[in-house]
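Read through the structure below, which is laid out as structure tokens, and then see the notes.
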Amino acid sequence: MLTLFESLVGAEPPHDAPVLFDTACVMGGSIAGLLAARVLSDRARKVVIVEPDDLPKEAGPRPGVPQDQQVHTLLPAGRLWVERWLPGVSREAQDRGASLVGPDKQFVGHDDVRQVRDGVDHRFLAIGRPLLETLVRDRVTALPNVSVLRARATGLRYDDGAVTGVRFAGTGTGGRGERAEGVIAADFAVDAMGRSSRLSNWLAQDGYDQPRLERLEAPVNYATALFERPAKLAELETATVLQLFTPQYPSGGVSVAAATATEGQQWLVMLMGYGDERPGRTIDEFRANCALLPAIFGDITSGDVTRDVVPYHQAESRRRHFTEAGRLPARLVGMGDAVASFNPVYGQGMSSAALHASCLASYLDSGADPGEAATEFFRLQQVVVDAAWAVSAGGDAARIDAENGTEVPEEVRRQRRVMEQIVRAALVDPAVSGAFNNVSYMLRHPGTLFDPAILEKAAAAVEGATAG
Ligand SMILES: Cc1cc2nc3c(=O)[nH]c(=O)nc-3n(C[C@H](O)[C@H](O)[C@H](O)COP(=O)(O)OP(=O)(O)OC[C@H]3O[C@@H](n4cnc5c(N)ncnc54)[C@H](O)[C@@H]3O)c2cc1C
């Protein structure tokens, strides 16, 4: 499992891949759909992305991705994937004013205690989500066999237990080449329609199994605003900040605060609260909350506001268990949030989509019979989803149980104690910090944290910190 995860993290584009499909149709043109299209461009004569939004040439918000005004961190696993499969994104991002931030300018803190550096050169792109998506999209749609149809996918067509087409309805704007409705003949289809994908309903209506939907309550309230940033990247001591606060820290209900020195000489600043805590619905509230936090938040939000506060609420994490569905059509997979979406504070969504794309590449490489349901794909994907779910849902379940005073089995209690110890030790011990970062950044499987050498170091570090 651990090595399989790492091989998915490091997946490379193939050198010489046989074409397997005539037309692959990707439903949804956001991050997961674009990365799927990139993989399929090596394997299909034609790739058609079906996306209802008018995809802007210049980076900007769009209705199909309502979360795109919030801070989006592309974890190292996702950034390295993008660089391998779509080279030049980080370079162009910097040319367009975003920052590629090395460890010397990163600050990760728990209750304002800085996590010790792990000595590894992990870099983060400080960039707005719309610009990141634009850079990815420009590269994918520049591929000679990839095109975009502006339409909404409305269902699937099948023959003999396999998908043979995607039904669509035009957006009604009457653009060139658009039809009101129709079917794209396709011998492979990808659901990348995000959290609100209706694929499960289509499958049930069409006589297939509906993958079980698992939900975990994780009510998060985001608030993000943009502020003028007078200092250039080179002049900044810190260019990305992530601070996590326990209920004991007087943060005014803020559980997580983050800031990145982003394009347009701006600070993108995010506050997040759980449950009833809604930090900063107005700019005055936002600034008042920032004033309670470590000094950098007060400093960077004292500049002019370049975009007002945009709130965002998400109630739960969700995953769909495709591996449990006995009867699925062949020539169909799902990727990204359509399959699993998590508490966003862990920043896993886009990197998960990248690793799902690795699963797709590996599945297509495996020689699996495309005339059968893509069981092997879903099995690989489960490894990625389980890993991400263990990190985010594991943390959320522990928090909710603690809030509600819920009794949990001894084994779960033990695992949570170990995780708490690792988190505390990561603040002071570089080796534990490194192991923890590798998992948080989706470079390594969470199981690596249970390596006896790491557990021993974690126990010693916590004991030392307590004694000291
Ligand atoms: C507040 C918040 C903060 C987040 N922060 C981070 C972060 O820091 N790092 C990170 O990696 N992730 C983050 N995420 C998660 C991230 O936004 C998602 O994981 C990511 O966008 C998933 O990409 P996707 O392509 O699967 O789905 P989406 O981005 O949701 O896109 C779905 C696409 O499908 C299209 N679509 C919908 N219906 C149809 C249809 N019928 N036919 C065709 N197309 C359709 C939509 O128009 C859209 O383009 C955050 C999420 C939230 C809510």
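Hey, if you put +1 on the Cβ of every Lys and Arg and -1 on every Asp and Glu Cβ in segment 351-468, which of 353, 430, 395 ends up farthest toward the positive end of that dipole?
Most positive-ward Cα: 430.
What FRET efficiency comes out for the pair residue 299/residue 53, r = Cβ-Cβ distance, R0 = 35 Å, nearest 0.05?
According to the calculation, E is roughly 0.45.
Enter the accessible area per residue of segment 407-467 (Å², integer; probe 1.4 Å; all protein chains in place).
Here the residues of segment 407-467 average 53 Å² of exposed surface.
For segment 377-412 and segment 351-370, what is the centre-to-centre distance using only Cα atoms, to the nearest Å?
Using only Cα atoms to place each centre, the spacing works out to 25 Å.
If R0 is 60 Å, what FRET efficiency do you get for residue 412 and residue 84 from their C-beta distance, rounded to 0.05?
The calculated FRET efficiency here is 0.95.
So which trypsin sites (Lys or Arg not before Pro) in segment 179-263 pass both tests, a DSSP loop state and at most 13 other Cβ atoms within 10 Å of the Cβ?
179, 232
Go through segment 291-301 residue by residue and turn each phi into a ³J(HN,Hα) via Karplus (6.51, -1.76, 1.60, θ = phi - 60°); whole Hz please, and just put x for glycine and proline.
Result, ordered by residue: 5, 7, 8, x, 3, 4, 5, x, 4, 6, 8 Hz.
Which value in Å is the Kirkwood Rh of segment 329-418 over different Cα pairs?
The answer is 14.9 Å.
In square nanometres and to one decimal, what's the mean projected area of the convex hull around the Cα atoms of segment 310-468?
Approximately 12.7 nm², given one-decimal rounding.
Based on the alpha-carbon gyration tensor of segment 1-88 and its eigenvalue square roots a ≥ b ≥ c, which shape applies: rounded if a/c is under 1.5, prolate if not and a/b is larger than b/c, or oblate?
oblate
Which longest uninterrupted range of the chain lacks any GluC sites (Glu not before Pro) assigned by DSSP to a loop state (not H, G, I, E or B) and surrounded by at most 10 other Cβ atoms within 10 Å?
59-236
In nm, what is the difference between 0.36 nm times the number of residues separating residue 291 and residue 213 and their Cα-Cα distance?
That works out to 24.0 nm of additional length.
Could you provide, to the nearest whole Å², the per residue accessible area of segment 20-71 with probe 1.4 Å?
About 32 Å² of surface per residue is accessible.
Please report, as a whole percent, how much of the solvent-accessible surface of segment 366-468 comes from carbon and sulfur atoms (probe radius 1.4 Å).
55
Taking the alpha-carbon centroid of each part, what is the distance from segment 444-468 to segment 239-289 in angstrom?
29
Convex hull over the alpha-carbon atoms of segment 407-467: what's its volume per residue in Å³?
89
Could you name the aspartates and glutamates in cross-link range of residue 57, using Cα to Cα under 20 Å and dropping any fewer than eight places away on the same chain?
Partners within reach: 68, 92, 95, 133, 138, 178, 263.
For the chain, what does the relative contact order come out to in percent, with C-alpha contacts under 8 Å and a separation of six or more?
Relative contact order, the chain: 20 percent.
May I ask for log10 I(q)/I(0) of the chain at q = 0.09, 0.13 Å⁻¹, from a Debye sum over the Cα atoms as equal point scatterers with solvent left out?
-0.60, -1.26
Going by Cα centres, segment 19-40 and segment 81-98 are how many Å apart?
If we compute the Cα centre of each part, the gap is 20 Å.
When the dipole is taken about the Cα centre of segment 407-467, and only Lys, Arg (+1) and Asp, Glu (-1) are charged at their Cβ, what size is it in debye, to the nearest 20?
Taking the Cα centre of segment 407-467 as origin, the dipole is about 140 debye.
Just tell me which aspartates and glutamates come within less than 18 Å, Cα to Cα, of residue 457; anything on the same chain fewer than 8 places away is out.
Excluding near neighbours in sequence, the set is 118, 420, 429.
What distance in nm lies between label points placed 7 Å from Cα along the C-beta direction at residue 399 and residue 232?
3.9
Modelling each spin label as a point 7 Å along the Cα-to-Cβ direction, I'd like the residue 282/residue 308 distance in nm, to one decimal.
Result for the modelled spin labels: 1.1 nm.
Determine the dipole magnitude for the chain: charges of +1 sit on the beta-carbon of Lys and Arg, -1 on that of Asp and Glu, nothing else is charged, the reference point is the Cα centre, and the result goes in debye to the nearest 20.
Result for the chain is approximately 740 debye, rounded to the nearest 20.
For the pair residue 465/residue 6, report the inter-label distance in nm, with labels modelled 7 Å from Cα in the Cβ direction.
2.6
Could you give the size of the charge dipole of segment 314-447 about its Cα centre, using +1 on the Cβ of each K and R and -1 on the Cβ of each D and E, expressed in debye and rounded to the nearest 20?
I would put it at about 120 debye.
Mind giving me the FRET efficiency for residue 195 and residue 154? R0 is 25 Å, r the Cβ-Cβ distance, nearest 0.05 is fine.
Computed FRET efficiency for residue 195 and residue 154 comes out at 0.90.
Working only with C-alpha atoms, what are the Rg and Dmax values of segment 1-50, expressed in angstrom?
Looking at segment 1-50, its Cα Rg and Dmax stand at 12.6, 35 Å.
The values are calculated or read from the model by the stated rules, or taken from the named source; none is laboratory data. Predicted model, so just to flag it, every value in this text is computed and none were measured. Don't worry about glycine lacking a Cβ; one is built from the backbone with ideal geometry, like all the others, and counts go over all protein chains shown. Calculation scope for accessible area: heavy atoms of the full protein, side chains included, ligands and nucleic acids excluded. Shrake-Rupley method; radii C 1.70, N 1.55, O 1.52, S 1.80 Å.
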